[in-house]
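Contents: one structure, followed by commentary.
The values are calculated or read from the model by the stated rules, or taken from the named source; none is laboratory data. Since the structure is predicted, the reported quantities are computational estimates derived from the model, not experimental observations. Using ideal geometry, Cβ is built from the backbone for each residue, glycine included, and neighbour counts are taken over all protein chains shown.
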């Protein structure tokens, strides 16, 4: 059936994430760059981007010419009792967008007493780069870059990330064409998207799992990327580069590839290593009803399969992964149920993923 654990194919990736952990590579992708000095032209464009978000936060119409859609987001444990949230934005293919753009990201807590609009952070910097005001938002950042290419008729997609404490947030993303790429007859197009997120807490006791990332592919890099480039590669963890699947629709020639992380496991007193048992069960969905389809061999993370140097006390993290050939899957809708059991402590979590097999 082509079922196999991804870790057997990408052994180095599993080792990097499993031994050295994920937390050390997340902060550089999620700290923001409000301290960086902006050129005069960038300050003007930054203020325009901030104004777009200010309008959207106030309930006013903002932007024009670009249609932005929130893609998928993922929750992964970060340092300092924070949660790392990489996400993807899709820009509609029509009308065409110039490659050179600016992007402003703002994350606002929905807790009582906070506001989505003020003059701090990037807004203050856009007005005067010498003013060093502390941002009053949970997170904000500003980027100028060229959009990646896309196939004809397909949306352009851009990914970014932020790290915040658990809680409820409004996330705003404004994208605007650079003025330098516009013409007199075609002024810069822009758009804003807002998404409400409930960010989970991974720091409390008990077994937990990150959001399951469905990958188009997983690449192994020869070396970690430069920390300065991490913000533009939010799905790169140490030397493992995950390219998220843009849609959860796959042909029978494709593979379903997933990666996720497990938190809160306890050591088996006898081995001083975790003892995690993972079952991957596939269910077919027809007319709103599920029927069992098949399952893989269990994935075991224990003293026999983990490296000798693996130590939860040092912050090493457990990852689950799977690559499944879809040749034997009839066309239709499916749900992959991932049953994670902590044999040492008795806890269990069951994340899942829905996907579709098409001709």
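Output the residues belonging to segment 263-281 that are assigned to a loop (DSSP other than H, G, I, E, B) and buried (at least 16 other Cβ atoms within 10 Å of the Cβ).
Within segment 263-281, 264, 265, 266, 275 meet the criteria.
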Query - Qualifying residues in segment 142-198 (those that are in contact with a helix residue (DSSP H, G or I) (Cβ under 9 Å, 6 or more places away or on another chain) and outside any strand (DSSP E or B)) - the one farthest from residue 79 (Cα to Cα) - result: 187
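Checking the structure you have, find out if any residue of segment 282-289 is in a loop (DSSP other than H, G, I, E, B) and either touching a strand residue (DSSP E or B) at 6+ places or on another chain (Cβ under 7 Å) or loosely packed, with under 15 Cβ neighbours inside 10 Å (or both).
Scanning segment 282-289, I find at least one residue that is in a loop (DSSP other than H, G, I, E, B) and either touching a strand residue (DSSP E or B) at 6+ places or on another chain (Cβ under 7 Å) or loosely packed, with under 15 Cβ neighbours inside 10 Å (or both), so the answer is yes.
Does segment 239-262 hold any residues that are over 27 Å from residue 357 (Cα atoms) and buried (at least 20 other Cβ atoms within 10 Å of the Cβ), and which are they? Let's see the steps before the verdict.
Keep residues of segment 239-262 that are over 27 Å from residue 357 (Cα atoms), which gives 239, 262.
Once the filter is applied, which keeps residues that are over 27 Å from residue 357 (Cα atoms) and buried (at least 20 other Cβ atoms within 10 Å of the Cβ), segment 239-262 yields only 262.
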Report summary line: The one condition residue 344 fails out of (1) touching a strand residue (DSSP E or B) at 6+ places or on another chain (Cβ under 6 Å); (2) surrounded by 16 or more Cβ atoms within 10 Å (Cβ to Cβ); (3) closer than 24 Å to residue 75 by Cα is (3)
Query - So residue 308, is it free of Cβ contacts under 8 Å to residues at least 40 places away in the same chain and over 25 Å from residue 243 (Cα atoms) - result: yes
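For every residue, the table says whether it meets (1) touching a strand residue (DSSP E or B) at 6+ places or on another chain (Cβ under 7 Å); (2) buried (at least 18 other Cβ atoms within 10 Å of the Cβ); (3) at pLDDT 90 or above; (4) not assigned by TED's automatic domain parsing to the domain that holds residue 191.
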{"position": "32", "(1), (2), (3), (4)": "yes, yes, no, no"}
{"position": "35", "(1), (2), (3), (4)": "no, no, no, no"}
{"position": "40", "(1), (2), (3), (4)": "no, no, no, no"}
{"position": "46", "(1), (2), (3), (4)": "yes, yes, yes, no"}
{"position": "49", "(1), (2), (3), (4)": "yes, yes, yes, no"}
{"position": "55", "(1), (2), (3), (4)": "no, no, yes, no"}
{"position": "58", "(1), (2), (3), (4)": "no, no, yes, no"}
{"position": "65", "(1), (2), (3), (4)": "yes, no, yes, no"}
Query raised in the report: Residues 329, 293: which one is at pLDDT 95 or above, in a loop (DSSP other than H, G, I, E, B) and either within 30 Å of residue 250 (Cα to Cα) or out of contact with any helix residue (DSSP H, G or I) (no Cβ under 9 Å at 6 or more places or on another chain) (or both)?
Result: 329
Query raised in the report: How many residues does segment 215-251 contain that are assigned to a loop (DSSP other than H, G, I, E, B), within 15 Å of residue 148 (Cβ to Cβ) and touching a helix residue (DSSP H, G or I) at 6+ places or on another chain (Cβ under 6 Å)?
Result: 1
